[in-house]
1. Give the range 230-274 a look and list any residue that's away from the ligand (no atom under 15 Å from the Cβ) and among the aliphatic types (A, V, I, L, M), or say none.
2. Only one residue in Gly199, Gly261 is of a type in the set (Gly, Ala, Ser) and surrounded by fewer than 23 Cβ atoms within 10 Å (Cβ to Cβ), so which one is that?
3. Scan the range 385-418 for residues that are within 16 Å of the ligand (Cβ to nearest atom), within 12 Å of Ala366 (Cα to Cα) and outside any strand (DSSP E or B) and jot them down.
4. Within the set of pairs 6+ apart or on separate chains, which have a first residue in the range 251-269 that is over 17 Å from Asp233 (Cβ atoms) and free of Cβ contacts under 8 Å to residues at least 60 places away in the same chain, a second that is in a loop (DSSP other than H, G, I, E, B) and more than 16 Å from the ligand (Cβ to nearest atom), and C-beta atoms under 8 Å apart?
5. From the residues in the range 265-300 that are part of a strand (DSSP E or B) and small (Gly, Ala, Ser), which one is surrounded by the fewest Cβ atoms within 10 Å (Cβ to Cβ)?
6. Hey, among Ile350, Ile335, which residue is closer than 30 Å to Arg223 by Cα, away from the ligand (no atom under 16 Å from the Cβ) and either at pLDDT 75 or above or of a type outside the set (Asp, Glu) (or both)?
7. State which residue pairs qualify: first residue in contact (Cβ under 8 Å) with a residue 12 or more places away in the chain and inside the range 146-162, second residue aromatic (Phe, Trp, Tyr) in any location, beta carbons under 6 Å apart, and separation of 6 or more residues or different chains.
8. Determine whether the range 281-297 contains at least one residue that is within 15 Å of the ligand (Cβ to nearest atom) and within 20 Å of the chain's Cα centre (by Cα).
Amino acid sequence: MKISRRNILIGASAGVFGSAATGLARGQSHEGHDMSQMPATDMPPATKPAIRPRQRSGKVRTLNGWTLPHRMNNGVKEFHLVAEEFEHEFAPGSKAICWGYNGSTPGPTIEAVEGDRVRIFVTNRLREATTIHWHGILLPSGMDGVGGLSQPQIKPGETFVYEFTLRQHGTHMYHPHADEMVQLAMGMMGLFIIHPKVGEVTPVDRDYAFILHNFALHPGTRRPDPSIMQDFDLWTFNSKTFPAIDSMVARSGERVRIRIGNLSMWNHPIHLHGVQFDVTGSDGGRWPQSRWRSEVTEIVGVGQMRDIEFTAVPGDWAFHCHMSHHTMGPMGHDIPNTLGVDQRGVEAKIRGMLPGYMAMGEAGMAEHQDHTDSGHMQGPPNTLPMMAGKGPFGNIEMGGMFTTVKVRDDLAPGDYSDPGWYRNPEGTVAHRISGDPAFGSPPRRPR
Ligand SMILES: [Cu+2]
């Protein structure tokens, strides 16, 4: 295996999940009980709830995530989710104590097929009550998971069982409907994907999925702040920020679907370069082709799901939220605007008191990445730089809801490994032809 940053990341998270598993084995209340005495429906699917495997399974590729294994029990698909606390890394340099399921935020993706009967055990290992709402899924009222309304809360230490038959297909989510503001802000969410029973008219070759979210992790703190309503500093795809978000790879000509859910506190206009994509589905399932829309940006509103599909064309293509503050990492809010301000005098004075102080921002903010990358300017502990990521031509200057779609002619079908940077055909890259600001005679609007 080639050693890459991504491999190292996966290795690091395996360590985290490994210790979570140890904790589970110790604390499982049913461990050591004689399970043969219990009625089948009360029996959890495994003595230990699943933790993230190294090899991902399932037809959907959950960005930076994984699919929850199930077991069959008399024709019923059984899953086991555990609500719990663990340490999560947003990107190297920023970790927090988060809440989620089975050791991860988002929790593992549940995948099933229309017509399946599913039984889902939910164990609460938090210190407060929770429930799970199956967002967008058609089911009996008592299985809807709204604490107090459709069921009693699941108290700490308890396991509840949900059971229903899937009567639809589409891209769905699960999340708590108990102390929602806190539990969502801490990272509790997951994808629930239901494949159609009969195959799809236009099949897809690659099927990616992720959830948009936001976290408020104040400098130097270890837990997201649930009271923040707007000024978030971590804008995430599946609880990761660029450059820690996986690239989505495909072979030229393949049909790619990206399923996007939104459980954040903002709507996000999601933009893909290089193609016009079709918006083909939502929690309402895959739409009839007559309803597909050709777009390059699609707003995914809070609580909504959108599926987009396109035919892959070779290149490295940016894929990001179009709200520019959402593609950048933690930044000071309400800072003075230094654009156009000559700060040399101030800098000299402050340097007298604070050696190494450096004024910045007179011409723009892009210099920020050079300062933070080189290490001579460092943010407070446990914060990420606002701009990060290196490409083949230099700094990418992004840090939040940003990743790339990498399409190659020579990628084998089913190969998801990162192919490196695109090698542009000769003569197809923008390049410098002058270094003179007075170059040429461009027309200017007369004043
Ligand atoms: Cu956004």
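1. Ala244, Met248, Val249, Ala250, Val256, Ile258
2. Testing whether each residue is of a type in the set (Gly, Ala, Ser) and surrounded by fewer than 23 Cβ atoms within 10 Å (Cβ to Cβ) leaves just Gly199.
3. Of the residues in the range 385-418, the ones within 16 Å of the ligand (Cβ to nearest atom) are 386, 398-403.
Then drop every residue that is not within 12 Å of Ala366 (Cα to Cα), which leaves 386, 398.
Listed by number, the list holds a single entry, Met386.
4. Gly253/Ala312; Arg255/Thr202; Arg255/Pro203; Arg255/Val204; Arg255/Asp205; Arg255/Ala312; Arg257/Val204
5. Among them, the one singled out is Ser294.
6. Selected residue: Ile335, the only one of Ile350, Ile335 that is closer than 30 Å to Arg223 by Cα, away from the ligand (no atom under 16 Å from the Cβ) and either at pLDDT 75 or above or of a type outside the set (Asp, Glu) (or both).
7. The qualifying pairs are Ile154/Phe160; Thr159/Phe121; Val161/Phe121.
8. First, the residues of the range 281-297 that are within 15 Å of the ligand (Cβ to nearest atom): 297.
Of the ones still in play, those that are also within 20 Å of the chain's Cα centre (by Cα) are 297.
Yes.
The values are calculated or read from the model by the stated rules, or taken from the named source; none is laboratory data. As the structure is a computational prediction, the values presented were derived from the model and not from experiment. Cβ: placed from backbone, ideal geometry, glycine included. Neighbour counts: every protein chain shown.
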